[in-house]
Amino acid sequence: MAEAPGAAWQQDVSVLVIAAHPDDEAIGAGRLLADHVGPVRCVTLTAGERCHGNHADLDGVARKRLREWAEALSVLGVTPVETRRWPDGGLAGHEGEAAEAVASLAAEADVVLAPWRHDPHPDHEAAGRIGAAAARRAGVPLLGYLVWTPYWFPAAEINRRGATLLVQPTSTRAGRLRTEAIARHHSQVRPQHPAIRPVVPSELVDRHERQLLVWEPDDQNA
Ligand SMILES: [Zn+2]
């Protein structure tokens, strides 16, 4: 069985980050990515076009979100990868083809980061399984990051599910850059109507007090 990486993270390796929606990686791994020294590429499997409901202008929302994504990634020093995207809210119906598409990108990296497969959102769960499949196929290790988990669950829930929670030390500067990157997602952090809360509440952003990573031995190749 593979062992959890000792220091959890090596800053000079090449990384592929997988997101289900264009803001996942900034919320869940923003500090890690801001501090990272090696090359980082990011792929989002959906454009997050249904964040304001099914009646919104889905193409318009998708374009806006991908623009915000590219801006946020540039704050973190991450390169966005253009690739095929699957329906927001329906990623679980496309896992095989998504894993195949992502595996070739994973093969060019030293490590894959993906949402934890039990993060409480169906697309995040699917992205976690896709990340695991792609990493296995490419023969590279996988680490999970959290998006909604700290908002809904105590950390003990992660250990209860047989995974290991790792705390990765990050710089003060990385914390500032994460905040700045998340702020670029205007469509998510600002109310779209005075009577409606933002899609991403500030409590969710703030609940991530430290950079956490999840290691699941079952996801690895060995
Ligand atoms: Zn998401």
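The values are calculated or read from the model by the stated rules, or taken from the named source; none is laboratory data. Bear in mind that the values here come from a model prediction, so they are computed numbers and not experimental data. Note: ideal-geometry Cβ built from the backbone for every residue, glycine included; neighbour counts use all protein chains shown. When the accessible area is computed, the model is the full protein with side chains, heavy atoms only, and any ligands, DNA or RNA have been set aside. Shrake-Rupley method; radii C 1.70, N 1.55, O 1.52, S 1.80 Å.
The GNM of the chain, with springs linking C-alpha atoms under 10 angstrom apart, assigns the highest mean-square fluctuation among ALA56, ALA106, ALA19 to ALA56.
Take the chain with all the other protein chains still there, run a 1.4 Å probe, and you get 45 Å² of accessible area per residue. Highest GNM mean-square fluctuation among VAL15, VAL43, VAL199, for the chain modelled with Cα contacts below 10 Å: VAL199. Using a Debye calculation, one point per C-alpha and no hydration shell, please list log10 I(q)/I(0) for segment 36-83 at q = 0.14, 0.25, 0.31 Å⁻¹ in order. With one equal scatterer per Cα and no solvent, log10 I(q)/I(0) is -0.38, -0.89, -1.13.
Result for the chain in a Gaussian network model with C-alpha springs under 10 Å: among ALA155, ALA92, ALA47, the largest mean-square fluctuation is at ALA155.
Stretching ASP57 away from ASP110 to a fully extended chain increases their span by 15.3 nm, per 0.36 nm per residue minus the current alpha-carbon distance. In the chain, the DSSP beta bridges split such that about 35 percent are antiparallel, to the nearest 5. Heavy-atom accessible area with a 1.4 Å probe sorts TYR145, TYR151, largest first, into TYR151, TYR145. Taking GluC sites (Glu not before Pro) across segment 26-91, the ones in a DSSP loop with at most 15 further Cβ atoms lying within 10 angstrom of their Cβ are GLU82. Solvent-accessible area assigned to carbon and sulfur over the chain amounts to 50 percent, based on a 1.4 Å probe. Cα centroid separation, segment 121-176 to segment 42-94: 19 Å. Compute the Cα gyration tensor for segment 155-222, then decide on rounded, prolate or oblate, letting a ≥ b ≥ c be the square roots of its eigenvalues: rounded whenever a/c is under 1.5, prolate when a/b is larger than b/c in the other cases, and oblate in all that remain. Taking the square roots of the gyration eigenvalues as a ≥ b ≥ c, segment 155-222 is prolate. Restricting the calculation to Cα atoms, segment 15-219 yields a radius of gyration followed by a Dmax of 15.6, 48 Å.
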